[in-house]
Amino acid sequence: MERERERERERERERRERERENRMETPFVSTKLSAFFFLQTVSTFVSSMSPAADAIADAKIEIKLNSIPEGKNVVFMWRGKPLFVRHRTEEEIQTERSVDVATLRDPEKDEERVKEAEWLVIIGVCTHLG
């Protein structure tokens, strides 16, 4: 009889230990699941803010400048807007550099407006189209 009581106590201790272990695992598992779902949500949100593949493709164009003769300009479409590229002559460069900056609406020297003097690149923004 004493042995049975001892075994019963031992079983009860083991059962309580298992319950305690289970109670300790539950917050750990729920914390992991919460972190997983949080990261999934954040990842989905961040990836939705990146531009679409067609927008990235539309943002890049390559222009062969050596195919544009001096004194001529070519119009390209870039992001739905006209992009004007002009291969300026030395005479045009000198004319633009001699302009009085104070008379311009946007006072800026020609040297500040262009990276290379022989090339003028301008984007056309039509305000009436939105």
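Scan the stretch 37-77 residue by residue and report those that are in a strand (DSSP E or B) and either more than 24 Å from residue 111 (Cα to Cα) or at pLDDT below 85 (or both).
Selection gives 77 alone.
Pick from the stretch 95-130 the residues that are of a type in the set (S, T, N, Q) and assigned to a helix (DSSP H, G or I): which of them is surrounded by the most Cβ atoms within 10 Å (Cβ to Cβ)?
The initial filter retains those residues of the stretch 95-130 that are of a type in the set (S, T, N, Q), namely 95, 98, 103, 127.
Remaining after also requiring assigned to a helix (DSSP H, G or I): 95, 103, 127.
Values: 95: 12, 103: 7, 127: 5.
Once the filter is applied, the top-ranked residue is 95.
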Taking residue 87 and the conditions (1) touching a strand residue (DSSP E or B) at 6+ places or on another chain (Cβ under 8 Å); (2) loosely packed, with under 12 Cβ neighbours inside 10 Å, which numbered condition does it fall short on, given that it satisfies the others? (2)
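The values are calculated or read from the model by the stated rules, or taken from the named source; none is laboratory data. Because the structure is a prediction, the values reported are computed rather than measured. Don't worry about glycine lacking a Cβ; one is built from the backbone with ideal geometry, like all the others, and counts go over all protein chains shown.
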